[in-house]
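Each reported figure results from applying straightforward, stated rules to the coordinates on display, with no laboratory input. Owing to the predicted nature of the structure, the values given are computational and were not obtained by experimental measurement. Cβ: placed from backbone, ideal geometry, glycine included. Neighbour counts: every protein chain shown.
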Amino acid sequence: MSKNAWRPTASIKALRQRAALLAQIRTFFSQRGVLETEVPVLSQRATSDPHIESISTQCSGETAYLATSPELGLKRLLAAGLGDCYYLGKAFRQGESGGRHNPEFSMLEWYRCGWDDRQLMAEVTELLSAILATDQVQSLSYRELFLRELQLDPHSASNAELVSCVAREMELSFTPRERNECLDLLMSHRLEASMNEGITLIYDFPAEQAALAKVLNDQQGTPVARRFEAYAGGLELANGYWELTDSKEQLRRFEKDLAYRRDHLRPLQPFDERLVSALAEGMPDCAGVALGVDRLLMLAAGYDSIDKVIAFPFSRA
Amino acid sequence: MASYSTNEFKGGLKVMLDGDPCSIVENEFVKPGKGQAFSRVKLRNLKTGRVWERTFRSGESLEAADVMDREMEYLYNDGEFYHFMEPESFEQHQASTDAVGDAAKWLKEQDICTITLYNGSPLAVTPPNHVILEITDTDPGLRGDTAQGGTKPATLATGAVVKVPLFLEIGETIKVDTRTAEYLGRAKED
């Protein structure tokens, strides 16, 4: 153990900047009448997301899970009639560690009743421009981004075209298996780096990347996920949906996630059937978004690694 | 041989890639929020010195390379091979011109170098960060010009050419940083 291992990796200045950022976020929402609320961090249910792993622990003799996001709890509160609300607190993800990831991180997630993804994108932009002090904002669809940078339509390109595009752009130790894997590789290795310094919003994702967003036809008649991502300086900050409210479709998506997990030998954990019940009871039409607060602080205060904005990242926690 | 999974990849780790021993320079964990996780890795091929960029699926693994760094004393060059000795065991190793590469111009007998062994044979040689060498050739010194910033090239006993201040003369010994070929100062008289 090194002699300095007790010390925080973030400077005292960075910790003061964190406190100021949290206060700024809370003011932003209180001025807009969005209610702060808490949801469990320790839960009996895990995420079903095929690419996110919950951290499991023991509680009262049963396996319990640390929440990978406040989404399930917040949606149940929406169904119960809480109205516009946000969570600002911790989320946990197994195995996510690096210059821009820590297994325990701070997340801001909020919901707007009666809004669609486009309206919420405008509010995300207002929050980000205020915090990052920039008015440079670019908004384009997932298809436009791929066409602009790679002359490739991500919705209509054949699997072979996607695989050969990936092969042109990067060296891999494996052969990509699925469309989504190709698209993720191109997004993370090539397209994020093509974004400029300001805020970039990407919307209308491929339907097979819908997660918990509604799928609707775009103007060209292609079914797209009404999902968006916000980036600043090429760093992914937020992911939002025009939320799925159909309980039967929700159940189908959970089951599809589980099937994917089974096929790819990922851990199988209980999903939240209480969310399905909440949706069946009736969740208001709404849009929601989750934002990584540590990364926002990195960008706002100019730090190049997440360890510089977290007092004790997992290596010292 | 052991193997390492992507979550164990870190700078300095020695692994086999495409049949060649490599040293990991950098490992970046990449994961779109709703997408798959990858490790974007920069590796230096220890045979060629070239840096490769390669992306792995999270959880993939690479075989460890039987590569280790040893401190050894440089003995002599017999025209074909450079000879080194482990100071404790007196075990001797011979390194080819390829393995020594650019380090050759800094090698002074009895200096302690880092030898990278691959399957027991020298693969690469790293000279000490700082070496003390005699100037064997340079333009005549300009007396009284100790304060000015000008420099001139000087050839050292091992063949390296470095920029030195104008006042230095043939026969003087100087301290040089081998990583940058930068003149650090006159060597102190022992």
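Legend: mean number of C-beta atoms from other chains within 10 angstrom of residue C-beta atoms, peptide B:35-43, equals 6.
Each semi-axis of the equivalent ellipsoid for region A:3-108 is √(5λ) with λ an eigenvalue of the Cα gyration tensor; in descending order they amount to 25, 24, 11 Å. Close amide H contacts of B:THR55 (hydrogens built in the peptide plane, cut-off under 5 Å, sequence separation of 5 or more or a different chain): A:GLU171, A:LEU172, A:SER173, B:VAL41. Under the shape rule built on the C-alpha gyration tensor, where the axes satisfy a ≥ b ≥ c, region A:1-43 is oblate, since a/c reaches at least 1.5 while a/b does not exceed b/c. Note on B:ASP18 and A:LEU268: their simple-model spin labels are 4.0 nm apart, each label 7 Å out from Cα toward Cβ. Considering only alpha-carbon pairs that sit under 8 angstrom and 6 or more positions apart, the relative contact order computed for region A:178-238 is 36 percent. Local charge for A:GLU53 was computed over the other residues whose Cβ lies under 15 Å away, with Lys and Arg +1 and Asp and Glu -1, and equals +4. Going by a ≥ b ≥ c, the root eigenvalues of the Cα gyration tensor, does region A:70-142 fall in the rounded group (a/c under 1.5), the prolate group (a/b larger than b/c) or the oblate group? Oblate, since a/c reaches 1.5 and b/c is not below a/b. Taking R0 as 25 Å, what FRET efficiency do you get between B:SER5 and A:ASP304 from their Cβ-Cβ distance, rounded to the nearest 0.05? Calculated value: 0.45.
Would you mind working out the magnitude of the charge dipole of chain A relative to its Cα centre, with +1 at each Lys and Arg C-beta and -1 at each Asp and Glu C-beta, to the nearest 20 Debye?
With Lys and Arg at +1 and Asp and Glu at -1, about 960 debye.
Specify, per residue and in Å³, the volume enclosed by the convex hull of the alpha carbon atoms belonging to the protein assembly as shown.
Here the figure is 220 Å³ per residue.
The slack between B:ALA187 and B:PHE81, meaning 0.36 nm per residue of separation minus the straight C-alpha distance, is 35.2 nm.
Derived scalar couplings between HN and Hα for region A:203-209 equal 9, 6, 6, x, 4, 6, 10 Hz in order, rounded to whole Hz, by the Karplus curve 6.51 cos²θ - 1.76 cosθ + 1.60 (θ = phi - 60°), x for Gly and Pro. So what is the calculated 222 nm ellipticity per residue for chain A, using -39500 (n - 2.57) for each DSSP H run with n of 4 or more, over all residues, to the nearest 500 deg cm²/dmol? Roughly -10500 deg cm²/dmol at 222 nm, from the helical runs in chain A. With contributions of -39500 (n - 2.57) from each DSSP H run of at least four residues, the per-residue ellipticity at 222 nm computed over chain B stands at -500 deg cm²/dmol.
Here the 3J(HN,Hα) profile of region A:304-316, calculated from phi with Karplus coefficients 6.51, -1.76 and 1.60 at θ = phi - 60°, is 9, 8, 5, 4, 7, 10, 10, 4, 10, x, 3, 4, 10 Hz, Gly and Pro shown as x. Between A:SER139 and A:LEU201, the built amide H atoms are under 5 Å apart, and every one of these is 5 or more places off in sequence or on another chain.
Could you compute the FRET efficiency for B:GLU53 and B:GLU172, with r as their C-beta to C-beta distance and R0 at 35 Å, rounded to 0.05?
That pair, B:GLU53 with B:GLU172, gives E of 0.20.
Near B:ASP20: Cβ cut-off under 14 Å, other residues only, Lys/Arg at +1 and Asp/Glu at -1. The net charge is +1.
So how strong a dipole does chain B carry about its Cα centre when Lys and Arg Cβ are +1 and Asp and Glu Cβ are -1, to the nearest 20 debye?
About 1160 debye.
For region A:15-124, relative contact order (Cα pairs under 8 Å, six or more residues apart, normalised by length) works out to 22 percent. Across region B:11-61, Cα pairs under 8 Å and at least six residues apart give a relative contact order of 28 percent.
Which of rounded, prolate or oblate describes region A:241-282 when judged by the alpha-carbon gyration tensor and an a/c cut-off of 1.5? Since a/c reaches 1.5 and a/b is larger than b/c, the shape of region A:241-282 is classed as prolate.
Taking 35 Å as R0, compute the FRET efficiency from the Cβ-Cβ separation of B:ASN129 and A:GLU197 and round it to 0.05. Plugging the Cβ-Cβ distance into 1/(1 + (r/R0)^6) gives 0.40.
A simple charge model with +1 on the Cβ of Lys and Arg, -1 on the Cβ of Asp and Glu and nothing else charged puts the dipole of region A:222-297 at about 260 debye relative to its Cα centre.
A full extension of the chain between B:LYS108 and B:ARG179 corresponds to an added length of 24.0 nm, given 0.36 nm per residue minus the alpha carbon distance.
P(r) for region B:84-171, from all Cα pairs and a bin width of 10 Å, is 16, 37, 24, 15, 7, 0 %, short bins first.
Under 5 Å between amide hydrogens, built in the peptide plane, is the criterion, and for B:ASP111 it picks out B:TYR74 among residues at least 5 positions away or on other chains. Taking one quarter of the surface of the C-alpha convex hull of region B:22-107 gives a mean projected area of 7.6 nm². Just checking the listed ones, A:ASP84, A:ASP246, A:ASP184: in the Gaussian network model of chain A with Cα springs under 10 Å, the one fluctuating most is A:ASP184. Evaluated at q = 0.18, 0.20 Å⁻¹, a Debye calculation over the C-alpha positions of region B:1-153 (equal weights, vacuum) places log10 I(q)/I(0) at -1.03, -1.16.
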